[in-house]
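Written out below as structure tokens is the structure these notes cover.
The values are calculated or read from the model by the stated rules, or taken from the named source; none is laboratory data. Just so it is clear, the structure is predicted and the values come from calculations on it, not from any experiment. Positions of Cβ are generated from backbone atoms using ideal geometry, with glycine treated the same way; all protein chains shown enter the neighbour counts. Note: accessible area is taken over every heavy atom of the protein model, side chains too, but ligands, DNA and RNA are not part of it. Shrake-Rupley method; radii C 1.70, N 1.55, O 1.52, S 1.80 Å.
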Amino acid sequence: MQEITVTRTTHPKSKPDQSALGFGKYYTDHMLLMDYTAGIGWHEPRIVPFADLELHPAAVVLHYGTEIFEGLKAYRRPDGRVQLFRPMENVRRMNNSARRMALPTMDEELGLECLRKFVEVEQDWVPSAPGTSLYLRPFMIATGADLALHGIREARYVLIASPVASYFPDGLKPVKIMVEDEDVRAVRGGTGEAKCGGNYAASTRAGDRAEAKGYSQVLWLDGVERKYVEEVGSMNIMFKIAGRVVTPKLTGSILPGITRKSAIELLTSQGVPVDERLISVDELRQACEDGTLEEAWGIGTAAIISPVGALAFGDREYTIHGGEIGPFSQKLYDDLSGIQWGRKPDPFGWTFPVDQPAGAPDCQK
Ligand SMILES: *Cc1c(COP(=O)(O)O)cnc(C)c1O
């Protein structure tokens, strides 16, 4: 594997106040860069002082949106060590996103070592206050100057990190969401399965409209029939209906979340079956009507669990679990976050301490 070189900054920043981190407000001292050239492959992985990027004005990403990204966190355990949560899943998903966007894939071990080594270099930036973490944002852009767009010949991988606060500093606060019946996020065969910037560009308008109406997110429906529930904002979604946990099955237009997958595996191991199936908006509305929708929550790395307290279909709004977080969502949050921060045992081998040598067998999970 190629060696990742390190050039340390001569001007380290002072660390921000851990009680006012926000999300994406502060960045660490360094970034990791690596370049791809057709015929050569990935080369020169390097950790360098954090700085602006320089791009040719005809760079493919600026015109045709060829960009993918990932999001994961480094957690400070009670014993002071720093760990990642299932980082190989992010490396593999980034390769899947790359394949969809005709961007170059990378060797899995190299992708993992970039994450591990970067966090090792920046470990003083991993905060320790409850609920805080170091958010990692790897991304890849097509950098070649090619307005004619004949294949991707040059790309750059960049990894940056931001110390972030707990999503809900005062405990899990339910959000209000509305069913989006105008725009769609993705279609099967499109880019819904890929974690790419373009999906977000196409979602911004609906998000803004929802906010103007007092909702924090939209519930996306499938792009063809506009009938089946897909995701909420930029998270996956789960429901507890008449005692059963259900979540939309991955049909090709839904982002395969690692938190979603972990929750399914965790709940299954606890003897709670999770149905992955199509869920129609009519079924959901009926469950609101007859009171069988017991709980609903968004699920993703940023918030872990985001309880849904109200759901609107057009002008009709239904309150879920009295607008309060339900016991099932709370327990799932406690179990998942307990493993992520190292407060609870990890029987699955999901956690990956950054002082662990690259390629250790339990990083494959
Ligand atoms: C990243 C993302 C998710 C959640 O994935 P996690 O791996 O759990 O963080 C869900 N939906 C969309 C659209 C996403 O971009």
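Accessible surface for residue 332 stands near 0 Å², nearest 10, in the context of the full protein assembly shown (1.4 Å probe). The H on the amide N of residue 67, modeled in the peptide plane, is under 5 Å from the matching H of 197, 198, each at least 5 residues off or on a different chain.
Estimated from helices alone, the mean residue ellipticity of the chain at 222 nm is -6500 deg cm²/dmol (sum of -39500 (n - 2.57) over DSSP H runs with n ≥ 4, per residue).
Count Lys and Arg as plus one, Asp and Glu as minus one, and take only other residues whose Cβ is under 11 Å from that of residue 59; the net charge is then -3. In this view, the solvent-accessible surface of residue 321, computed with a 1.4 Å probe and all protein chains in place, comes to about 80 Å².
Amide H contacts of residue 31 (H built 1.01 Å from N, in plane; Pro and chain starts excluded): 48, 50 sit under 5 Å, all sequence-distant by 5 or more or on other chains.
A cut-off of 5 Å between modelled amide H atoms, ignoring neighbours fewer than 5 places along the same chain, links residue 301 with 259. For the chain, relative contact order (Cα pairs under 8 Å, six or more residues apart, normalised by length) works out to 19 percent.
For the chain, the share of DSSP beta bridges that are antiparallel, to the nearest 5, is 80%. Computed from the C-beta positions of residue 167 and residue 124 and an R0 of 22 Å, the FRET efficiency is 0.45 to the nearest 0.05.
Just the ratio, please: alpha-carbon radius of gyration of the chain over 2.2 N^0.38 Å, N its number of residues.
In units of the 2.2 N^0.38 Å rule of thumb, it is 1.00.
Converting phi to 3J(HN,Hα) with the Karplus coefficients 6.51, -1.76 and 1.60 and the offset θ = phi - 60°, the range 148-163 yields 6, 6, 10, x, 8, 9, 9, 8, 9, 9, 10, 10, 10, 9, 9, x Hz in sequence order, with x at every glycine or proline.
Taking each residue as 0.36 nm, the span from residue 63 to residue 51 lengthens on full extension beyond its C-alpha to C-alpha distance by 2.1 nm. Measuring r between the beta carbons of residue 242 and residue 188 and using R0 = 30 Å, the FRET efficiency lands at 0.55. Available extension along the chain between residue 19 and residue 278 is 89.1 nm, counting 0.36 nm per residue and deducting the alpha carbon span.
Of 195, 213, 344, the order by accessible heavy-atom surface (1.4 Å probe, DNA, RNA and ligands excluded), from most exposed downward, is 213, 344, 195.
When the C-alpha to C-alpha distance is required to be over 31 Å, the pairs from 13/331; 195/227; 15/331; 13/344; 15/240; 213/240 that qualify are 13/331; 15/331; 13/344; 15/240.
For the range 270-353, GluC sites (Glu not before Pro) meeting the loop criterion (DSSP other than H, G, I, E, B) and having at most 16 other Cβ atoms within 10 Å: 324.
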